[in-house]
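Read the figures in this text as sums done on the coordinates, not as results from a lab. Worth saying up front: this structure is predicted, and the values here are computed from it rather than measured. Methodologically, a virtual Cβ is constructed for each residue, glycine included, from the backbone with ideal geometry; neighbour enumeration extends over all protein chains shown.
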Amino acid sequence: MSGAEYAKVTSEVNNFNKVLNDGKVKSQDMGKDEFLKILITQLQNQDPTKPMEDKEFISQMAQFSSLEQMNNLNTQFEKVSNNLASNQAVSLLGKNVSLTDLGGNNITGRVEAVTSGAYPQIQVNNRLYDYSSLEKVTE
């Protein structure tokens, strides 16, 4: 199978799977919907002679709420980190830099341009390099 045929088949399989999952992408992580389903099932199937105490229920909800807030904070920290990296890359315009390319070669030159986004790149000697490959900056 050629690369083009493989890409076409992969695309069709992914589109078919999205239709099966109502447009949702399957994830190995348990989200709030799965947690609430488990909690409701637990409440429906509890022993009537020993019902779940309010304290246990509130404790589980508090733990889930804390976990959800930590996930939200993590997402926000990633956004802040990406913005900082992008801003730092912009500050390199016109400066001389040393970096290592993917082949392990040491590259030196003046930063001519910068791309922004989650993974900023710097243009040196008419080629783009990942910002993370930067080793040294001089005036």
In the chain, with Lys and Arg counted as +1 and Asp and Glu as -1 at Cβ, which of these residues, 104, 75, 60, has the Cα nearest the positive end of the dipole, that is, farthest along it? 104
For the residues 6, 131, what sequence is obtained by ranking on other C-beta atoms within 10 Å, fewest first? 6, 131
Quick note on 91, 98, ordering by fewest other C-beta atoms within 10 Å, gives 91, 98
One can check that the equivalent ellipsoid of segment 33-74, built from the alpha-carbon gyration tensor with semi-axes equal to the square roots of five times its eigenvalues, has lengths in Å, largest first, of 24, 12, 4
If I stretch the segment between residue 101 and residue 47 completely, what's the gain in nm (0.36 nm per residue apart, minus their alpha carbon distance), one decimal? 13.1 nm
MRE, 222 nm, helices only [DSSP H, n ≥ 4, -39500 (n - 2.57), over the chain, to nearest 500]: -17000 deg cm²/dmol
With label points set 7 Å from each Cα along the Cα-to-Cβ direction at residue 70 and residue 139, the distance between them in nm comes to 4.7
In the chain, what is the volume of the convex hull around the alpha carbon atoms, normalised per residue and reported in Å³? 201
Whole-percent tail of the Cα-Cα distance distribution for segment 67-139, cut at 15 Å, equals 54
Could you put 16, 64 in order, starting from the residue whose Cβ has the fewest other Cβ atoms within 10 Å? 16, 64
Please get the size of the charge dipole for the chain, origin at its Cα centre, with Cβ charges of +1 on Lys and Arg and -1 on Asp and Glu, quoted in debye to the nearest 20. 340
